[in-house]
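*Asks:* Supplied in structure tokens, the structure appears directly below.
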Amino acid sequence: MGSYVRSSARTESREPAVRRLGAWYGRHVWAATGALVALVLVAGAIALQIVTYDRVADGVTVAGVPLGGLTRVEAAATIAAKVGPRVDVVQLATGHRQPLTLRLEQLGMTIDSEATAAAAYGVGRHHLPFGGALWLPLGGADVKLATRVDTATYQQGLEAVRAVADVVPRDARLDLAGDSVAVVPAKDGLEVDAVALARAIVASAAAGRAYVGPVPMKTVAPRVSTLAAESRAAAAETYLSRPLALRYRATEIKLSPDEIASLLTVNTAADADTYPLTFRNQRARARLRRVFAFAESPPVDAQIVVGKDGSVSVTESRSGNVIDMDVLLEDLDDAASGGGLRSVFVALTPAFPKLSTADVEAMGLSSLGSQFVTYFDPRKATRAGNIALAAKLVDGTVVRPGETFSLNDAIGPRTTNRGFDYAPVIAADNVLRQGVGGGICQYATTLFNAVFFAGLPVVERRPHSLYISHYPVGRDATVAWGSVDLRFRNDTAKSLMIRSWVDGAALTVALVGKTGRAVTYATSDFYDVRKPAHGKANPRVIYDDDLGPGVIRWEKGIDGRSVKVVRTVRERDGSILSRDTFVSRYLPMDWVKRIGR
């Protein structure tokens with residue numbers, strides 16, 4: 001019995017403790033639960049920060065390409081490999097039969113993969129006031145592709161666009177119609193809106209698409225408006241009232257009012273009040289030069305002639321006498337605008353050669369430094385014409401000691417108004433397409449080899465994107481106006497001259513001026529051989545307006561490959577002056593099925 005009483009006492013003593021614990025729990029249950037949940041959340045957040053410390057968050061993309069879980073370096077590489085090629089090739093509609101195809105680099109634009117990766121990495125991250133960053137899972141995001149634009153290169157690259165898209169404004173002019181003076185009205189021109197085009201290309205790239213569309217244009221007013229021409233119409237009666245006599249010794253040439261009218265332009269210079277109309281223009285210069293060709297004896301430059309056997313000879317230079325054109329045009333303005341004697345005496349002035357025999361001798365241009373020849377199909381008339389024009393433009397260029405020669409600077413823009421024509425080129429999408437200036441890369445390749453064997457330092461050279469079997473292995477060169485150039489430096493103590501000419505199917509480029517160097521080279525075997533993505537069974541199909549409707553033409557694919565050429569340049573005594581390596585990495589060329597339409 002006693003034992004039972006003791007047990008009951010113990011039970012009774014525990015009940016208040018339980019009741020007290022229950023009461024405490026009832027009072028603090030939500031606080032305890034909240035603390036436990038908070039602890040779990042903090043632990044999870046810390047774990048999340050650790051996991052995402054150096055990685056892009058899940059759900060983040062660039063142009064639809066997922067970057068979640070990648071480091072910034074990995075994300076930048078993924079953007080360059082998977083997004084860059086999507087936006088690289090720009091196709092501009094210019095109103096011609098074929099769109100103008102350019103790479104971003106030709107327009108001075110580059111994809112900033114690192115900046116884009118940094119923006120992707122920053123999605124969901126918030127900088128803390130005491131330093132560091134906190135990542136909060138706010139869902140995925142598609143980050144815009146960042147693009148850098150080099151303004152100078154962009155403006156240079158635009159020359160190719162302007163050449164086919166710009167419309168030159170027409171100045172108002174005066175025309176003699178019977179006994180009256182008629183005003184031929186001015187006409188506005190068009191020019192590429194450089195700012196709008198850059199914005200359109202960058203915006204398209206930011207969205208992960210290559211820009212395909214029209215070239216934004218803006219109106220360009222003529223220098224001479226219709227109103228300005230009308231205001232000068234009354235003055236034209238004085239200019240056209242009687243013929244003008246031009247006297248050279250015993251010869252007199254009369255310009256009729258009709259001829260005078262064809263040579264006059266509205267004066268926009270500071271002396272327009274004195275001379276409302278003027279002969280000071282290119283049309284009048286050219287016409288008067290032809291009229292007095294019999295009186296002139298132009299100077300003759302010394303010519304450096306390279307024989308087929310490599311011999312070099314120099315022809316004599318000669319001074320001459322030419323019309324002092326500036327004085328003649330001013331005298332014509334005076335005679336036509338006044339009411340006095342309408343007669344002008346034509347005077348000659350001495351003219352000297354740009355390159356005299358003494359200059360050639362002083363520069364030491366009496367021996368051959370190197371020479372290289374490549375061959376082409378003269379039946380492909382437009383391509384052959386482009387090659388010949390390039391040779392003509394560069395021929396005779398003197399590269400002085402220490403100077404760097406630029407082939408792009410020497411040739412200038414490849415435009416139809418400068419005489420270049422459409423011929424096949426390797427387009428930005430690595431397919432042969434028609435482009436203005438096709439064939440110039442053969443000139444670049446020939447020049448590069450002449451420079452190569454002269455032992456001169458090559459400052460810039462880029463191989464073709466595709467392997468071309470008829471060029472020396474690993475020793476080809478390509479150029480593109482506004483981006484890709486071929487440059488070399490004359491590091492000798494004497495001047496060098498570039499001679500280049502076409503003879504039948506052969507293009508020859510010679511460097512005149514001994515460098516005194518011996519060149520040896522070694523060419524590796526092909527390596528990194530890669531098959532094209534499109535074979536004969538699944539060719540790339542291209543619809544070609546240059547082929548007749550329904551005509552099909554196949555182009556065989558070529559494996560991609562790489563090759564190295566190591567050049568060793570030695571001085572006369574056999575000592576090594578330089579050793580350089582030229583690496584050429586050619587992309588695979590797809591099988592192409594062209595279908596005419």
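The values are calculated or read from the model by the stated rules, or taken from the named source; none is laboratory data. All values derive from a computational prediction rather than experimental measurement. Because the Cβ atoms are built from the backbone with ideal geometry, glycine has one as well, and the counts that use them run over all protein chains shown.
*Asks:* Does L456 satisfy the condition of being part of a loop (DSSP other than H, G, I, E, B), more than 18 Å from the chain's Cα centre (by Cα) and either without any contact (Cβ under 8 Å) to a residue 12 or more places away in the chain or in the same structural domain as W481 (by TED's automatic domain parsing) (or both)?
*Replies:* Yes.
*Asks:* May I ask you to list the residues in the stretch 408-448 that are modelled with pLDDT of 85 or more, of a type in the set (A, V, I, L, M) and under 16 Å from E159 (Cα atoms)?
*Replies:* A410, I411
*Asks:* Could you tell me whether D573 is free of Cβ contacts under 8 Å to residues at least 12 places away in the same chain, of a type outside the set (V, I, T) and more than 23 Å from Q434 (Cα to Cα)?
*Replies:* yes
*Asks:* Let me ask something else about it. Residues being touching a Lys or Arg at 6+ places or on another chain (Cβ under 8 Å) and either without any contact (Cβ under 8 Å) to a residue 24 or more places away in the chain or small (G, A, S) (or both): count how many of those fall in the stretch 460-479.
*Replies:* Residues that pass the stated criteria total 2.
*Asks:* Being touching a residue at least 24 places away in the same chain (Cβ under 8 Å), closer than 16 Å to V312 by Cβ and surrounded by fewer than 20 Cβ atoms within 10 Å (Cβ to Cβ) is the requirement here; does G504 meet it?
*Replies:* Taking the combined requirement at face value, the residue does not satisfy it.
*Asks:* Within the stretch 533-549, track down each residue that is part of a loop (DSSP other than H, G, I, E, B) and not acidic (D, E).
*Replies:* A533, H534, G535, K536, A537, N538, P539, L547, G548, P549
*Asks:* Applying the selection to the stretch 373-416, what residues are in a loop (DSSP other than H, G, I, E, B) and in contact with an Asp or Glu (Cβ under 7 Å, 6 or more places away or on another chain)?
*Replies:* Scanning the stretch 373-416 gives a single hit, P413.
*Asks:* On to the next question. If you take the residues of the stretch 202-261 that are surrounded by fewer than 13 Cβ atoms within 10 Å (Cβ to Cβ) and of a type in the set (D, E), which of them is nearest to R283 (Cα to Cα)?
*Replies:* Among those residues, the one meeting the criterion is D258.
*Asks:* Further question: Here are some conditions: (1) surrounded by fewer than 14 Cβ atoms within 10 Å (Cβ to Cβ); (2) part of a loop (DSSP other than H, G, I, E, B); (3) modelled with pLDDT of 90 or more. A269 meets all but one. Which one does it not meet?
*Replies:* Failing condition for A269: (3).
*Asks:* Another one. Please work out if S524 is more than 19 Å from A444 (Cα to Cα), among the small types (G, A, S) and at pLDDT 90 or above.
*Replies:* Yes; evaluated as a whole, the condition is true for this residue.
Here is a yes/no grid of residues against (1) in contact with a strand residue (DSSP E or B) (Cβ under 6 Å, 6 or more places away or on another chain); (2) part of a loop (DSSP other than H, G, I, E, B):
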site	(1), (2)
E316	no, yes
N321	yes, no
L328	no, no
D333	yes, no
G340	no, yes
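*Asks:* Can you pull out every residue in the stretch 550-563 that is buried (at least 16 other Cβ atoms within 10 Å of the Cβ) and part of a strand (DSSP E or B)?
*Replies:* Across the stretch 550-563, the qualifying residues are E555, I558, G560, R561, S562, V563.
*Asks:* Would you say K514 is surrounded by 12 or more Cβ atoms within 10 Å (Cβ to Cβ) and outside any strand (DSSP E or B)?
*Replies:* yes
*Asks:* Restricting to the stretch 386-415, and then to whatever is closer than 14 Å to V459 by Cβ and surrounded by fewer than 16 Cβ atoms within 10 Å (Cβ to Cβ), can you tell me which residue is farthest from the chain's Cα centre (by Cα)?
*Replies:* G402
*Asks:* Now for a separate question. I'm told F372 meets every condition in (1) closer than 30 Å to N449 by Cβ; (2) of a type in the set (F, W, Y); (3) outside the structural domain of S495 (by TED's automatic domain parsing) except one. Can you identify the failing condition by its number?
*Replies:* It is condition (3) that F372 fails.
*Asks:* Here's another thing I want to ask about it. Restricting to the stretch 561-586, name every residue that is under 20 Å from S469 (Cβ atoms) and either among the charged types (D, E, K, R) or modelled with pLDDT under 90 (or both).
*Replies:* R561, K564, R585
*Asks:* Would you check if D273 is in contact (Cβ under 8 Å) with a residue 60 or more places away in the chain and among the charged types (D, E, K, R)?
*Replies:* Against the criterion (in contact (Cβ under 8 Å) with a residue 60 or more places away in the chain and among the charged types (D, E, K, R)), D273 does not qualify.
*Asks:* Let me ask another. In the stretch 417-449, what residues are under 18 Å from the mean Cα position of the chain (by Cα), part of a helix (DSSP H, G or I) and aromatic (F, W, Y)?
*Replies:* The answer is Y443, and nothing else.
*Asks:* Which residues, counting only those in the stretch 328-346, are of a type in the set (A, V, I, L, M, F, W, C) and either closer than 15 Å to Y275 by Cβ or crowded, with 19+ Cβ neighbours inside 10 Å (or both)?
*Replies:* Result: L328, L329, L332, A335, A336, V344, V346.
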